[in-house]
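Undergrad: I have a structure here, written as structure tokens, and I will follow up with some questions on it.
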Amino acid sequence: MKKLDFFQKTSIRYTIFVYFTVSALVMILLIGISLYGRLSAQLTATIREENQAVISQVNLSVDSYLRTIMKLSDSLYYGVIKNADLSDETDTVNSEITLLYDNNKDSVSNIALLSKGGDILSAVPAARLKTGMDVTGEEWFKSTLERPENLHFSMPHVQYIFDNSENQYRWVITLSRAVEITQGTSTDQGVLLIDIAYGSLQQLLDNVAMGNGGYLYLLGSNGELIYHPKMQLIDAGLEQENVLTARDYRDGNYQETYQGKQRDVVVKSVGYTGWKLVGVTPEQGFSLNNIKTRLFMVFVVAFFLFLLAVINSYISSRITAPIQELEKSVNALEAGALDTKVYMGGSYEIQHLGRSIGDMAKRIQALMEDIVAEHESKRKSEFDTLQSQINPHFLYNTLDIIVWMIENEQKQEAVKVVTALARFFRISLSKGRSIIPVKDELEHVRNYLMIQQTRFKNKFTYQIESEPEALGLASLKLMLQPLVENAIYHGMEFMDGDGEILVKAAIEDGKLLFTIADNGLGMTSEQVEGLLTGKTHGSSRRGSGIGVKNVNERIRLYFGEEYGLFIWSEPDEGTTIQIRLPAVPFQELTKEEKS
């Protein structure tokens, strides 16, 4: 409400200035946010493409590196071991293995040929196994012999098999494969072991950048970390990495939440090994430089705000000056001075508006007079329409009863019915008046009840009571008859036993009260509500057609909203309808109606 009052009291010049400025500022912000979002999306897409390319390139390097080692393994097996007889004392096998080792010693730490029993048949540069070392109990040795068709890569570990002080603490990845050894006329299984220098593989993966703040790591086929830039911290338990979920990823791009942070993940499988290269870029690595972007946006907004303030100030003053003059004229018209000369300057629209307001001022008085006259005419027309809704079925049925009585030589009863019918219509007409005395309204309903009692062969009894003081008060014409009719047709038509209807007029607390009570079938609260709202028929299909709803509307239309009908009813308990009217003498209200 305070905001509404503020805008209502603010000048149009200031309002136009503020609206133009705010609208333009909002558009600038929306454009800026849209551009920022588009640039961020393009940056994200670019970084992801670059990360995918980097991972693919690194994967090619690692794959090429491992294939080189696998080719070395094939050369050792198929070029040296498979064609050699190890029982030959010339020891050509060891020399050829040494030659191959010398050609690859930058990436290979040890090459060894082991028998099925775990003995060294040839080893370069290592000479022997460590004291007490039984390789046949090692898991990698068992797996190699159990699956001779595969090449087996171990996880990174410190070389612990060979007794060589120089290589004692070197990190290696062991490649092992089952080979066929020939010794004289017998052949048996053996194991070819190649210790890959971990440092040579690490050099391929170090210093690979994945976006802003990104990195990559290498997983084994079972989810073990082969390489990570923070490998030592992870081994010490100071850092953690997502290996449980990452190992289940297929090749492609993913978004994940790890340790409460969003990050982008690129996965690529490494050839034959089952290893996976995983590139990680944190969410902030995809965003633009926040500080520079914000400073730029602030500068743009400030610059445009300055331009807008100057332009809008000029535009608002040009627009509002004629409007302010027109406002003064409208204020004078609002105060009641309809002959005020209306300002007609400014732009074409303001001039046209001024002429229209001037013409409107001239027509206001005539329209007001027309509205008052039309309202009075409408009220009278509504009264006449409501009062004239007398159903011809009632007249037809009454005449039919009279004919039947005459034919059956019941002349006295026929005279009574004809007399009651004449009085009924005389009061219904009442010289076109809408207001009649209470005594006439009661006489009207008495004649109606007498006719209906004759028609229904005394199926019900009725009683009409009135306080003497109430007979001279003013009442609305044709008010009781529709309600009594409703009691007969709806309350008693299908009931067992005799019906009773009580009509009573009394004065209470300065109000005229009519009560219509019956001992009929009664109604539910929904039916009562339907009578007053018109959602159900207010009278019988054979009744007058005026209905309960129309009676209630007539009373409120003529006397006000505090007056009208009030209904109390329960199923099988009968119905009571009370009409509340102001207690006004008939003569007094008739004078007001005539005036």
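Undergrad: Let me spell it out: the conditions are (1) within 60 Å of the chain's Cα centre (by Cα); (2) among the β-branched types (Val, Ile, Thr); (3) open to solvent by 10 Å² or more (accessible area, probe 1.4 Å), and ILE435 meets all of them except one. Which number is the exception?
TA: (3)
Undergrad: If you check THR398, THR385, THR340, which single one turns out to be in a loop (DSSP other than H, G, I, E, B), among the hydroxyl-bearing types (Ser, Thr, Tyr) and either open to solvent by less than 80 Å² (accessible area, probe 1.4 Å) or at pLDDT below 70 (or both)?
TA: THR340
Undergrad: Within the set of pairs 6 or more residues apart or between chains, which connect a residue that is under 20 Å from TYR77 (Cβ atoms) inside segment 110-136 to a residue that is in a loop (DSSP other than H, G, I, E, B) and open to solvent by 50 Å² or more (accessible area, probe 1.4 Å) with Cβ atoms less than 8 Å apart?
TA: ASN110/PRO125; GLY118/ASP134; ILE120/ARG128; ALA126/ASP163
Undergrad: Which one is farthest from ARG556 (Cα to Cα) among residues in segment 489-505 that are open to solvent by less than 20 Å² (accessible area, probe 1.4 Å) and over 55 Å from the mean Cα position of the chain (by Cα)?
TA: Among those residues, the one meeting the criterion is GLY499.
Undergrad: Something else about it: Could you tell me how many of the residues in segment 100-144 are part of a loop (DSSP other than H, G, I, E, B), among the polar types (S, T, N, Q) and surrounded by 15 or more Cβ atoms within 10 Å (Cβ to Cβ)?
TA: Of the residues in segment 100-144, 2 are part of a loop (DSSP other than H, G, I, E, B), among the polar types (S, T, N, Q) and surrounded by 15 or more Cβ atoms within 10 Å (Cβ to Cβ).
Undergrad: Output the number of the condition that LEU238 fails; it satisfies all remaining conditions of (1) within 22 Å of GLU49 (Cα to Cα); (2) open to solvent by 70 Å² or more (accessible area, probe 1.4 Å).
TA: LEU238 satisfies all of (1) within 22 Å of GLU49 (Cα to Cα); (2) open to solvent by 70 Å² or more (accessible area, probe 1.4 Å) except (1).
Undergrad: Going by the conditions given, is GLU465 touching a residue at least 12 places away in the same chain (Cβ under 8 Å), under 19 Å from ARG446 (Cβ atoms), surrounded by fewer than 21 Cβ atoms within 10 Å (Cβ to Cβ) and of a type in the set (Asp, Glu)?
TA: On the way: touching a residue at least 12 places away in the same chain (Cβ under 8 Å): yes; under 19 Å from ARG446 (Cβ atoms): yes; surrounded by fewer than 21 Cβ atoms within 10 Å (Cβ to Cβ): yes; of a type in the set (Asp, Glu): yes.
Considered against the rule, which asks whether it is touching a residue at least 12 places away in the same chain (Cβ under 8 Å), under 19 Å from ARG446 (Cβ atoms), surrounded by fewer than 21 Cβ atoms within 10 Å (Cβ to Cβ) and of a type in the set (Asp, Glu), GLU465 comes out as yes.
Undergrad: Quick one: is LEU193 open to solvent by less than 20 Å² (accessible area, probe 1.4 Å), over 24 Å from ARG128 (Cβ atoms) and out of contact with any helix residue (DSSP H, G or I) (no Cβ under 6 Å at 6 or more places or on another chain)?
TA: Working: open to solvent by less than 20 Å² (accessible area, probe 1.4 Å): yes; over 24 Å from ARG128 (Cβ atoms): no; out of contact with any helix residue (DSSP H, G or I) (no Cβ under 6 Å at 6 or more places or on another chain): yes.
No.
Undergrad: Still on this structure: Restricting to segment 155-190, what's the tally of residues that are open to solvent by 20 Å² or more (accessible area, probe 1.4 Å), within 24 Å of VAL93 (Cβ to Cβ) and either outside any loop (DSSP other than H, G, I, E, B) or in contact with a helix residue (DSSP H, G or I) (Cβ under 9 Å, 6 or more places away or on another chain) (or both)?
TA: Selection size over segment 155-190: 9.
Undergrad: State which residue is surrounded by the fewest Cβ atoms within 10 Å (Cβ to Cβ) when the search covers only segment 468-488 and only residues that are in contact with a Ser or Thr (Cβ under 9 Å, 6 or more places away or on another chain) and part of a loop (DSSP other than H, G, I, E, B).
TA: LYS477
The values are calculated or read from the model by the stated rules, or taken from the named source; none is laboratory data. Just so you know, these numbers come straight off a predicted model, no measurement behind them. A quick note on method: Cβ atoms are made from the backbone with ideal geometry, for glycine too, and the neighbour counts reach across all protein chains shown. The area values use the complete protein model at the heavy-atom level, side chains included, leaving out ligands, DNA and RNA. Shrake-Rupley method; radii C 1.70, N 1.55, O 1.52, S 1.80 Å.
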